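Take a look at the structure below.
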Amino acid sequence: MEITYYGHSCFGILLEGKHLLFDPFVTPNDLAKDIDIMSIKADYILISHGHEDHVADAVAIAKNTGARVISNFEIINWLTVQGIKNVHPMNHGGNVNLEGINAKYVNAVHSSILPDGTYGGNPGGFVLTSNDKNFYYAGDTALTMDMKLIPMSAKLDLSFLPIGDTFTMGVNDAVLAADFTECKKVIGMHYDTFPPISIDREKAINTFKASGKELILMNIGETKEF
Ligand code: NI
Ligand code: MN
């Protein structure tokens, strides 16, 4: 599995030969100004919820790549109105098979409204399972007991967890989320993009280390093999 970080909560993941793109928010992000969204590859775009900092470039990248967009029913309706036809609407608890990769839409404790004020349904995250790696992409969420359901059906290799606090859980709750999901290897997201979510990176990494876990903070534009 190869992971590329595009800033904030946006990751490109190459798994089983397929390019998955999560929560495209690049062009409004000053920290990601060196990323050209037209160079981003995607076979599937997965969107956790409707907030601008998760959907800003969804239409542009979907049109450029022809990728199939996976999200909740309400967000897919909103995209369809904007001319995106290759879509797969789902809702919490549902699974979709992406050419051998299973994606399940799971609960998040957050809110969800689209940038123009359209109702964005209930927010979620995704659990991806495959013959290669399994991972959890939490989206924006508080710590929730629902995370304990995930390891009952998926043995995770890696989790993407928000750590920026204020709008999502912070570092200490993310450590508990790593316990709940039984996954010690975490890639941090949703931090440092705006002042209210700035973090002390070294402290965050050490907090995870002190509880026997690993927090990975990728550089924007960086690609890593996992
Ligand atoms: Ni949000
Ligand atoms: Mn957000």
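Summary of values
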quantity	calculated
Two-site FRET efficiency, Ala60 against Met145, from Cβ-Cβ distance with R₀ of 41 Å, rounded to 0.05	0.65
About the Cα centre, charge dipole magnitude for the range 2-220 (Lys/Arg +1, Asp/Glu -1 at Cβ), debye	460 debye
Area of Asp53 that stays accessible when all protein chains are in place (1.4 Å probe, Å², to 10)	20 Å²
Euclidean distance of C-alpha centroids, the range 121-155 and the range 167-187, integer Å	11 Å
Cross-link pairs Lys104/Lys203; Lys155/Lys213; Lys18/Lys85 - those with Cα-Cα distance over 28 Å	Lys104/Lys203
Accessible area expressed per residue, the chain, with surrounding protein chains retained (probe 1.4 Å, Å²)	42 Å²
DSSP beta bridges in the chain [antiparallel fraction, %, rounded to 5]	55 percent
Helical contribution to [θ] at 222 nm, DSSP H n ≥ 4, -39,500 (n - 2.57), averaged over the chain, rounded to 500	-5000 deg cm²/dmol
Over the range 2-220: Kirkwood hydrodynamic radius from C-alpha pairwise inverse distances, Å	17.0 Å
Mean separation of Cα contacts under 8 Å, 6 or more apart, over the residue count of the range 2-220: relative contact order %	15 percent
Apportionment of accessible area to carbon and sulfur, the range 2-220, percent (1.4 Å)	49 percent
Largest-first ellipsoid semi-axes for the range 177-226, taking √(5λ) over the Cα gyration tensor eigenvalues, angstrom	19, 15, 10
Thr166 - accessible surface, heavy atoms, 1.4 Å probe, Å² rounded to 10	90 Å²
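The values are calculated or read from the model by the stated rules, or taken from the named source; none is laboratory data. Owing to the predicted nature of the structure, the values given are computational and were not obtained by experimental measurement. So basically every Cβ, Gly included, is an ideal-geometry build from the backbone, and we count neighbours across all protein chains shown. Just so you know, the surface numbers come from the protein's heavy atoms only, side chains and all, with ligands and any DNA or RNA stripped out. Shrake-Rupley method; radii C 1.70, N 1.55, O 1.52, S 1.80 Å.
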